[in-house]
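Written below as structure tokens is the structure these notes are about.
FYI, it's all coordinate maths here, none of it is from the lab. Worth saying up front: this structure is predicted, and the values here are computed from it rather than measured. As a convention, Cβ positions derive from the backbone with ideal geometry for all residues, glycine included, and neighbour counts pool all protein chains shown.
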Amino acid sequence: MDEPYPHILHHGAVDGVTGSCHELVVDGNNSVLIDCGLFQGAEKSSRGAQAARLDIEFDIRRVRALLLTHCHVDHVGRIPYLLAAGFRGRVYVTEPSALLLPVVLEDALELGSALNPSQVRRILKFLDALITPQAYDSWTTIALPGLGKEALRVRFRRAGHILGSAFIECRIQGESDGGRAVRGQARSESSLRVVFSGDLGGPYTPLLPAPRSPYGTDILVLESTYGDRLHDDRKLRRARLQRLLVRCLRDRGTLLIPAFSIGRTQELLYDLEHLIHRAGSEVLHPGLRWSDLEVLLDSPLAARMTELYRQMHRYWDREAQRRVAAGRHPLAFDQMTVIESHANHLKTVDALRQSPRPAVVIAGSGMCTGGRIINYLKAMLEDPRTDVLFVGYQAAGTPGRIIQEYGPQQGYVHLDGIRYDIRAGVHTLGGYSAHADQQALVHFVKRMRRKPREVRLVHGDLPAKQALRTLLEEVCPGAQILIPSACSASTAPPRGH
Ligand SMILES: [Zn+2]
Ligand SMILES: [Zn+2]
């Protein structure tokens, strides 16, 4: 590798939004990984080979630690393969993420690998010994052999995306020139700051406080999922959800919401509880009161995550805390039923197929790539009384994207190799993405007192990155706003002269 140190390599989330994995290379012998996620849908690994999408295809010998921004599978899903490749370093996460991570990985491995339960348990036990929980906002030192004790310090800051999510500030001490780190220099003089945004939440994310920008950075690796879109504001979105419920349930059919287990599901439940609480015994349709609206949560993972969200309510925002103090149960209200066993799931699908009734079903996976939502879609997509509501980003090539795109034109979709005509109503409700929109992304940068001189846009489709780049060029005049490709290196020299 000829680039000067430090530099950044991108092993994922460069050509799309999944497979997040960035390597901060401090010198020839030391680097850390930020996230190690799974590629989803049609998105591929940096080599593009379908078969190699799980394997770690880069050299990990110098990787000393793994830092995780949050527990979505597209950020953590390849950890087992990282371990299989020989990684034995620590895994730094926030305290809530430390609890979420084993649950997420257990689910991912049970669904997506050929491993048996005892092998899965062994991997999780192994991982457990490496997990190193961090409090928000406090600096910690990452040991790098051969470099000064404080050569690399990091801290996790609230990202407001999902429970436990963080953006990560890294401070690299001293000049690292050709792998030679200068030790013992005054910290303020020659340190390089790098911020990895992870996924950022917006100001309207229910439950969690919005992220606050860091003071400043030299290099910013920034997500751009919604770099070309604006979300509705919170009240408008809730009003649209209410209107959609009224419209979709008019024919007494079922409303299916494919939702991700962590984040979106809890946001939706939170807003549904609010609508039901506010309407009380008002009539939704003749014969159906709001207070009788059935909400079925049919996802064991989402149910466990919802439980963890409830346990960790001290991380909720003030509004949510106030509701709890007022005796409400935003994530466990009376109208909500959790469907646990697979047998009950099949029974519910069958019952709804045979005699549809006005109910809201929240089931994963969010992009319809697997999980229990598939059985509902197969059973009910061809019934015009059914409605499907997308509340999150649908990656190219996923059944979710196909239904979203072709559903409104009466198209079709293949599920498990069988063609289904889409006669159900198809709707999209923006904003439940738990992602910052264009304005929030720009504000994240704008509010830094010391603007980055290099911004690397990742985790987004090309049009989103291009739109965001144009805006950021105004916010950070003179800075390089880059759209990196897989493994292209950042070469910004350390700050300070
Ligand atoms: Zn995420
Ligand atoms: Zn993500």
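Most tightly packed first, judged by the mean number of other beta-carbon atoms within 10 Å of their residues, the peptides 116-127, 338-349, 255-266, 95-106 read 255-266, 95-106, 338-349, 116-127.
Residues 283, 442, 295 in ascending order of nearby Cβ atoms (within 10 Å, fewest first): 283, 442, 295. Under 19 Å of direct C-alpha separation, and excluding same-chain neighbours fewer than eight residues apart, residue 378 reaches these lysines: 347.
Considering only 272, 397, 293, and ranking their Cα positions along the charge dipole of segment 234-428 that arises from unit charges at the beta-carbon of Lys, Arg, Asp and Glu, the one farthest toward the positive end is 272.
Have a look at the DSSP beta bridges in segment 234-428 and tell me what percent are antiparallel, nearest 5.
Values: 6 of 23 bridges.
Around 25 percent of the beta bridges assigned by DSSP in segment 234-428 are antiparallel ones.
For residue 220, the residues 5 or more places off, or on other chains, whose built amide H falls under 5 Å of its own are 195, 454, 455, 456. Database remark: amide H of residue 136 closer than 5 angstrom to the amide H of 95 (H placed geometrically; neighbours at sequence offset of 5 or more, or on other chains; Pro and chain starts carry no H). Computed packing ranks the peptides 235-245, 353-363 as 353-363, 235-245, most packed first, by mean other Cβ atoms within 10 Å.
Taking the inverse of the mean 1/r over every pair of distinct Cα atoms in segment 234-428 gives a Kirkwood hydrodynamic radius of 17.0 Å. Across segment 262-274, coupling constants 3J(HN,Hα) worked out from phi with the 6.51/-1.76/1.60 Karplus curve, θ = phi - 60°, read 10, x, 4, 4, 5, 4, 5, 4, 4, 6, 4, 4, 5 Hz, and Gly and Pro carry x.
Only bridges with both residues in the chain count here: give the DSSP antiparallel percent, nearest 5. Could you put the intermediate results ahead of the total?
Values: 32 of 72 bridges.
In the chain, approximately 45 percent of DSSP beta bridges are antiparallel ones.
Annotation: extensible slack from residue 132 through residue 247 equals 36.6 nm (criterion: 0.36 nm per residue apart, minus Cα-Cα distance).
Cα gyration tensor of segment 246-349, axes a ≥ b ≥ c as square roots of the eigenvalues: rounded (a/c below 1.5), prolate (a/b > b/c) or oblate? The shape class here is oblate.
Report the local net charge at residue 84: Lys and Arg +1, Asp and Glu -1, summed over other residues whose C-beta lies under 10 Å from its C-beta.
On the way: positive: 78; negative: 55.
Counting the neighbours of residue 84, the net charge comes to 0.
With the cut-off at under 13 Å, measuring from each backbone N in segment 372-390 to a point 7 Å along the Cα-to-Cβ line of residue 288 picks out 385-388. Projecting the Cα atoms of 365, 432, 381 onto the charge dipole of segment 360-462 (Cβ charges, centred on the Cα centre) puts 432 farthest toward the positive pole.
What Kirkwood hydrodynamic radius, in Å, does segment 1-150 give when the mean of 1/r is taken over all pairs of distinct Cα atoms and then inverted?
On the way: mean 1/r = 0.0631 Å⁻¹.
For segment 1-150, inverting the mean 1/r across all distinct Cα pairs yields 15.8 Å.
Scaling the Cα radius of gyration of the chain by the globular reference 2.2 N^0.38 Å produces a ratio of 0.98.
In plain terms, if you count all Cα to Cα distances in segment 222-306 and split them into 5 Å steps from zero, the share in each step is 3, 12, 20, 22, 19, 14, 6, 3, 1, 0 percent. Amide hydrogen proximity for residue 357: with H placed 1.01 Å from N in the peptide plane, the residues at 5 or more positions away or on another chain lying under 5 Å are 254. In summary, the lysines within cross-link reach of residue 446, defined as a Cα separation below 19 angstrom excluding same-chain residues under 8 places away, comprise 465.
In whole percent, what relative contact order does the chain give with Cα contacts below 8 Å and a gap of six or more residues?
Details: 1120 pairs, mean separation 96.4, N = 497.
About 19 percent, as a whole number.
About its Cα centre, the dipole of segment 285-405 is roughly 340 debye, where the only charges are +1 on Lys and Arg Cβ and -1 on Asp and Glu Cβ.
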